[in-house]
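The values are calculated or read from the model by the stated rules, or taken from the named source; none is laboratory data. Please read these numbers as outputs of a predicted model, since none were measured by experiment. Here the Cβ positions follow ideal geometry from the backbone for every residue, glycine too, while neighbour counts run over all protein chains shown. Keep in mind that these areas ignore ligands, DNA and RNA; they rest on the heavy atoms of the full protein, side chains included. Shrake-Rupley method; radii C 1.70, N 1.55, O 1.52, S 1.80 Å.
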Amino acid sequence: MDANNGVIFINNDDKLLNKYGLKLTNTVTFAFNNDADVKGKITGYNSMGQAKIEIFYAHKVFSLSLPLYGEQNAKNFLAAVAISLNVV
């Protein structure tokens, strides 16, 4: 990517980022609806609206309930997980 060997994190659910991300090197992708290095799946919500999700990464599956409300927070959480799993 650049002289500093940085990593670009790309939300593969975003059509524009997905399209231009294919041209970049040293990327980590994350998504709920498309193929990605870090894949998420919302499996449901509890009675308070907190998301239950599964994270698929490196042939492993993590299941958890977020202490956050709504789909948007699940998306933000997936981005944070992608970053934390790929920090060197």
Study note, to complete from the structure: For the chain, the dipole about the Cα centre with charges only on Cβ (Lys and Arg +1, Asp and Glu -1), to the nearest 20 debye, works out at 100
Review point. Based on the mean of other beta carbon atoms within 10 Å per residue, what is the order of 10-16, 58-64, most packed first?
Key: 10-16, 58-64
Practice item. Would you calculate a helix-derived [θ] at 222 nm for the chain, using -39,500 (n - 2.57) for each DSSP H run of n ≥ 4 and dividing by the full residue count, to the nearest 500? Key: -8000 deg cm²/dmol
Review point. Which angle from 0 to 90°, rounded to the nearest 10, does the C-alpha axis of helix 70-85 make with the longest principal axis of the chain?
Key: 50
Study note, to complete from the structure: Of all DSSP beta bridges with both partners in the chain, the antiparallel percent, nearest 5, is 70
**Study point:** Isotropic mean projected area of the C-alpha convex hull, the chain (nm²)
**Key:** 6.1
Exercise for review: Give the total of Lys-Lys pairs in the chain with Cα-Cα distances below 15 Å; include a pair only if its members are 8 or more places apart or on different chains.
Suggested key: 8
Practice item. Treat each spin label as a single point 7 Å out from the Cα along the C-beta direction, and report the A80 to V61 distance in nm. Key: 2.4
Exercise for review: With the full set of protein chains in place, find how many percent of the accessible area of the range 1-72 is carbon and sulfur; take the probe as 1.4 Å.
Suggested key: 53
